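As structure tokens, the structure follows; a few thoughts come after it.
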Amino acid sequence: MALTLSQTNTRNLQETHLNRARASLRQTISWYAYLRKSGQLSAKPELAGLVKPEIEVLTTTLNKLDGNVVRIAAFGLVSRGKSAVLNSLVGEKILQTGPLNGVTQWPRSLRWQPGGKVIVELIDTPGLDEIEGETREQMARDVAQQADLILFVVSGDITRTEYQGFLELRQSQKPLILVFNKVDLYPDTDRTKIYQNLQRLSVGNTQGVFNKQDILPDEIVMVAAEPAPIEVRVEYPDGQVNYEWETPPPQVEELKQTILNILNREGRSLLALNALVQARCAEEKIADKTINYRQQEAEEIIWKYAKYKALAIGLNPIAFFDVIGGLVVDLALIRSLAKLYSLPMTSYEASKLLQKIFLSSGGLLLGEIGSSLMLGMGKSAAAIASGENPLNITTFGVSAIAQAGIAGYGAYTVGKAAQVYLEQGCTWGQLGASTVIQEILSQVDKNTILYRLREHLELKN
């Protein structure tokens, strides 16, 4: 069947998002590979060991992107039918199901290829309310972080425990489908009432975790993944009548179609964005570990550049060069810190960071430039006139000392601010994870789940 122009454009845009995400991850992995080869990481075996898990996450995430694997994780309390829902999607009973609580003890996955290039990995998880709660909660967080789409399975009116688990999963900022399972056990009136209650759940809560745009009614799906046997009347040709128990087929077509619609509309963009979010998280952890590990060396570098800046500006007699020289020293300081932390930072990115530091300093550093210029002009005038009047040498010295003190303090402030920004902004740059995330979010269609999650994802940038 031929694709419409709109469908073609959507597919091309998704492919662009996927390629941009791949390029971003490859650049990041290449950078850390270069650091290992150049000895900057291998010279610090303890630091290399600290950041190894995050580098492995980057590699695994890229492999997932290259394989076009979309991960869909099913969550819910025990006995809600999570395993049955996944089995019914695949069309085979692969995952164990049963009447006992806690049949699923650890996350298990199975492959589903519903069509097209994308391969879906379905992940079954233990009940959120099982024994060893803290361990399972951490497991749930880890799985949710890796997932591209979440199925939250309920089998009736939502309980307080389910509601809390639902809110916690919303914190992962992943698209979520609320699956109302076991609808075959309810009369039509009760089923409709429960569905309406779930709709009210989705359109607001007092904690502000999500708003009415986060889940739409068509993202609440009713299914019967493992329908209960029903007694049927069987009439034979000889006129005999008998009653037999028959198990109806699973009723999951609506859920399948909802998932396929999401995958077709935004699946690859979803895959790209989640990979970039994971990469950004890994890079931030690398930066955090590196900064903590090299805190003393960073302090020494900051003080060194503060002294350089104070001396250079204090002794320089030309006001214009005071300002230019101060900016050059600040840029050199930022790049030295980035190099120490083994974080990618070009001159252009350093200048953008310095600009951001100036603008966020509440005028303090901009005031430093103004003071430097004013004192520099007075110092320059004193230097010119010093040959005629020895007192002007004293004036020059006083201005130089004052200017040097302000410059040194300014350099120290820039250095400390740069530490914070390098930790939080290590994903900048043309192909940095945060940059590409912003790029994708600016291009997503208003009718997509990603658009409704855009505000939350942008707040994390």
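The values are calculated or read from the model by the stated rules, or taken from the named source; none is laboratory data. Owing to the predicted nature of the structure, the values given are computational and were not obtained by experimental measurement. Positions of Cβ are generated from backbone atoms using ideal geometry, with glycine treated the same way; all protein chains shown enter the neighbour counts. These area figures cover heavy atoms from the full protein model, side chains too; ligands, DNA and RNA do not enter into them. Shrake-Rupley method; radii C 1.70, N 1.55, O 1.52, S 1.80 Å.
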With respect to the cross-link table entries Lys44/Lys174; Lys64/Lys182; Lys52/Lys93; Lys64/Lys174, which display a Cα-Cα separation exceeding 27 Å?
Lys44/Lys174; Lys64/Lys182; Lys52/Lys93
Report Ser6's accessible area, 1.4 Å probe, all protein chains in place, as a number in Å² to the nearest 10.
80
Obtain the nm distance between the two label points defined at Asn197 and Leu331 by a simple spin-label model: each point lies 7 Å from its Cα along the Cα-to-C-beta direction.
6.4
How big is the range 28-89 on each of its three principal axes, counting only the C-alpha atoms and giving the largest first in Å?
52, 25, 12
With all protein chains present and a 1.4 Å probe, the order of Glu266, Glu56 from largest accessible area down is Glu56, Glu266
Ranked from the most accessible area to the least, with a 1.4 Å probe and all protein chains present, what is the order of Arg141, Arg22?
Arg141, Arg22
Peptide ranges 59-70, 273-284 listed from the most packed, as the mean C-beta count within 10 angstrom indicates
273-284, 59-70
For Gly156, distant residues with modelled amide H under 5 Å away:
Asn181
